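The values are calculated or read from the model by the stated rules, or taken from the named source; none is laboratory data. Every value quoted in this text rests on a predicted model; they were computed, and no experiment measured them. Please note: Cβ atoms are built from the backbone with ideal geometry, for glycine as well, and neighbour counts cover all protein chains shown.
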Amino acid sequence: MKEKVIEISHLTKSYGKNRGVIDVSLQIEQGDIFGFLGPNGAGKSTTIRSMLGFLKFNEGSIRILGMDSVKDHVEILKQVGYMPSEAWFYDSMRVADVIKYAADVRGIDCSLEAQKLCERLKVDTRKRIKELSLGNRKKVSIVCAMQHRPKLFIFDEPTGGLDPLMQKKFFELINEYVDEGATCLLSTHVLSEVDKHCKNAAIMREGRLTMLESPHIDDETFLSFYEEDE
């Protein structure tokens, strides 16, 4: 029986009158590439931020890699590679310094893995962040999330801004790490990514989670989730 890497039980996070997440329960096993679908405002990012201890939730419990998301917040972050949807960095920093800083925060020498990732993704480490396009900022963010070879990857809309070749290389890297024992949660709007790369999937709508029997759903069914959310 495979280890449960993510265990969410009856998670509820309220923002008052604004929608949060309601009674979300989810389990993801080791070695899974899990697709996390849903329109903007459905609760995907709120769920992810609650998992990582960035938000205080109202009810429920979350265990990541066997640890409590609240009590073991710091230790969890050491073993997770998180890429937020916004690739924000200090504009004046050079790419090489951003990547090294991300490694230094963890107290790990990630230079060899970072070099490999930069070569694969064609990241120019000499440039300053302010010189980069959105796609190139995304690539820097991917390197920062992957370079310490975490047990769990959590990606929030990672491929926006990437050209098709870089999208292909990104998923090649994910599959390589998963083959070596990692697990991946992929939050995305792109149905084709889930259909092609994910082993299991769920969709968020109006703050509630619906597990999908298969990640291979047709466009009509997928769009029906969005239409019901409007």
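At a glance:
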| quantity | calculated |
| --- | --- |
| Subset tally (residues that are modelled with pLDDT under 85 and among the small types (Gly, Ala, Ser)) for segment 34-52 | 1 |
| Members of segment 35-63 found to be in a helix (DSSP H, G or I) and touching a residue at least 24 places away in the same chain (Cβ under 8 Å), listed by number | LYS44, SER45, THR46, THR47, ILE48, SER50, MET51 |
| Restricting segment 4-35 to residues that are in contact with a helix residue (DSSP H, G or I) (Cβ under 7 Å, 6 or more places away or on another chain) and within 10 Å of GLY207 (Cα to Cα), the residue that is surrounded by the fewest Cβ atoms within 10 Å (Cβ to Cβ) | GLY20 |
| Residue count, segment 85-97 (criterion: out of contact with any helix residue (DSSP H, G or I) (no Cβ under 6 Å at 6 or more places or on another chain) and modelled with pLDDT of 90 or more) | 4 |
| Every residue from segment 179-230 that is within 15 Å of GLU157 (Cβ to Cβ) and either part of a loop (DSSP other than H, G, I, E, B) or modelled with pLDDT under 85 (or both) | HIS189, VAL190, CYS198 |
| From the options ALA114, ALA103, residue that is in contact with a Cys (Cβ under 7 Å, 6 or more places away or on another chain) and outside the structural domain of LYS169 (by TED's automatic domain parsing) | ALA103 |
| Any chance PRO150 is within 14 Å of the chain's Cα centre (by Cα), part of a loop (DSSP other than H, G, I, E, B), closer than 30 Å to ILE108 by Cα and modelled with pLDDT of 95 or more | yes |
| Count - residues of segment 170-190 that are surrounded by fewer than 20 Cβ atoms within 10 Å (Cβ to Cβ) and in contact with a helix residue (DSSP H, G or I) (Cβ under 6 Å, 6 or more places away or on another chain) | 1 |
| Residue list for segment 93-134, restricted to those being over 28 Å from VAL74 (Cα atoms) and of a type outside the set (A, V, I, L, M) | GLU119, ARG120, LYS122, ASP124, THR125, ARG126, LYS127, ARG128, LYS130, GLU131, SER133 |
| Single residue of segment 64-103 satisfying the filter (free of Cβ contacts under 8 Å to residues at least 40 places away in the same chain, farther than 28 Å from LYS130 by Cβ and not charged (D, E, K, R)) that is surrounded by the fewest Cβ atoms within 10 Å (Cβ to Cβ) | VAL74 |
| Residue within segment 153-168 that is touching a strand residue (DSSP E or B) at 6+ places or on another chain (Cβ under 9 Å), on the phi > 0 side of the Ramachandran plot and among the charged types (D, E, K, R) present | yes |
